[in-house]
Amino acid sequence: MIVLLLGGCAGLLVLLVRMRHWAIRVACGASVVALAMLTGAAEVNDHYGYYTSWAPLINDLTGNQRAIGLTGGTVRVGSHQVRAGTVEQIALPGRRSKINRHGLIYLPPQYNDPKFSHVRFPVVELLHGSPGKPSNWVVVLKIAKIADILISRHLMGPVVLVMPSINQGRHFQECVNGRGAADDTYLATDVPTDVRTRFRVSQVPAEWGIAGYSSGGYCAANLSLRHRSAYGAAAILDGYYRASDGPAARALGDDPRAMAANSPLEIAQRLPAGTQPLPAFWITAGTGAYGDYLSAREFIAALKNLEQVSFVVEQGAGHNYYAWSAALPSMLAWMWQQLAPPALRTSFPIIGPPVSVQVPPLLPPRPTPTG
């Protein structure tokens, strides 16, 4: 693909030199710029492996919501069928932020089980990357099936998963209150309020978690430290920890004070020892994406005077869906241990940590580039 794009650029450059009509030259020049940008994007994708075909990229950029089609029933685990949860598309209007978006919610099989009709379930708010959309969690990362398998094997208990959108149209807002929208308020205040009002979930902040991958990982780190009393746990998969290291800087207008207030690394460095409340942290990074690995180590060092951090190093893993999918079973099981209330632990005992969970695989990852 990259070779074809480079060839197209070269051909248009030849036309640009040979053609004399000004309109054709302008059109060729614009096409060269567009192809050059597309080539650069393709090289980034080839390195990180975000997209394996054109369809998911087009859907993410246009905001098309692919049908999920998960409405309970059963899922196959090896030669067995196990009970499945449901995934629903829901409206998540923001009363305080004035943001109105749609998202997804996963309800575990026990949500509609009469034996659990008195239970208010713990919740994990899941934040996708940029570009991206909520369905990436279900369609690409298959988190609903992973949760079904873990619950069926009593490797974790029933939990509700909420997947809001973190994008304002095609603008990457990165979960901050910036020039484009009040996403911090929307995700940390409005979304939990909406879900608590409409679903049988915990009203206790310590029983709510937040997690994300890539830009969503930055969001999870930032929101959990800016709203320390709102979350009991946070999980970051290949996130970044300074606003200046990602799209958050632009969303904040490159304002130094705003970026300092929305940089998880700087927030952690400013917190005094003994700060409470403070969410528990689970962090993963792959050595194949060495920048992510070093950033994670730096963030963990900033937290060391505050609490112990669970750090999972994925040897050779890159910044891509393959790595994140492999990390999800451990992340979800850890979340359950942080968030589950005592009564639910008693009624749904856990037998141990997940060693291996087999789900429909993603396409095989490419070898990690060395250049």
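Just so you know, all these numbers are worked out from the coordinates, no wet-lab data involved. Keep in mind that this is a model prediction, so the values were computed, not measured. Note that we place each Cβ from the backbone using ideal geometry, even for glycine, and neighbour counts take in every protein chain shown.
Provide the packing ranking of 137-144, 307-314, i.e. peptides ordered by the mean count of other C-beta atoms within 10 Å per residue, highest first.
On the way: 137-144: 22.9, 307-314: 15.4.
Taking the mean over residues of other Cβ atoms within 10 Å, the ranking is 137-144, 307-314.
Mind ordering 205-216, 188-199 by average Cβ neighbours within 10 Å, highest first?
Values: 205-216: 25.8, 188-199: 17.9.
So the peptides 205-216, 188-199, ranked by packing, come out 205-216, 188-199.
Taking the mean number of other Cβ atoms within 10 Å as a proxy for protection, how do you rank 267-275, 291-299 from highest to lowest?
On the way: 267-275: 13.6, 291-299: 18.9.
In descending order of packing, they fall as 291-299, 267-275.
What dipole magnitude, in Debye to the nearest 20, does the stretch 67-347 give about its Cα centre under +1 on Lys/Arg Cβ and -1 on Asp/Glu Cβ?
I would put it at about 620 debye.
For the pair Gln89/Thr346, report the inter-label distance in nm, with labels modelled 7 Å from Cα in the Cβ direction.
The modelled label-to-label distance comes out at 4.2 nm.
Would you kindly state how much longer the chain becomes between Ala260 and Thr197 on full extension, computed as 0.36 nm times their sequence separation minus their alpha carbon distance, in nm to one decimal? Let's see the in-between values first.
Values: separation 63, 0.36 × 63 = 22.68 nm, distance 3.35 nm.
Contour length minus the Cα-Cα distance gives 19.3 nm.
Take every DSSP beta bridge whose two residues both sit in the stretch 67-347, then give the antiparallel share in percent to the nearest 5. Each step should come with its number before you reach the end.
Numbers: 19 of 43 bridges.
If we restrict to bridges inside the stretch 67-347, about 45 percent are antiparallel.
What is the mean projected area of the alpha carbon convex hull for the stretch 67-347, to one decimal in square nanometres? Don't skip to the answer; put the middle values down first.
Numbers: hull surface 56.7 nm².
That works out to 14.2 nm², a quarter of the Cα hull's surface.
Enumerate the lysines that Lys142 could reach by cross-link, defined here as Cα to Cα under 17 Å, with residues fewer than 8 away along the same chain left out.
The reachable lysines, counting only those whose Cα sits under 17 Å from Lys142, are Lys133.
When the Karplus curve 6.51 cos²θ - 1.76 cosθ + 1.60 is applied with θ = phi - 60°, which whole-Hz ³J(HN,Hα) does each residue of the stretch 211-219 get, with x for Gly and Pro?
After applying 6.51 cos²θ - 1.76 cosθ + 1.60, I find 8, x, 10, 6, 4, x, x, 4, 4 Hz.
Which FRET efficiency, nearest 0.05, do Arg153 and Lys98 yield, Cβ-Cβ r, R0 30 Å? Mind dumping the intermediate values first?
Details: r = 43 Å, r/R0 = 1.43.
The pair Arg153/Lys98 has a calculated efficiency of 0.10.
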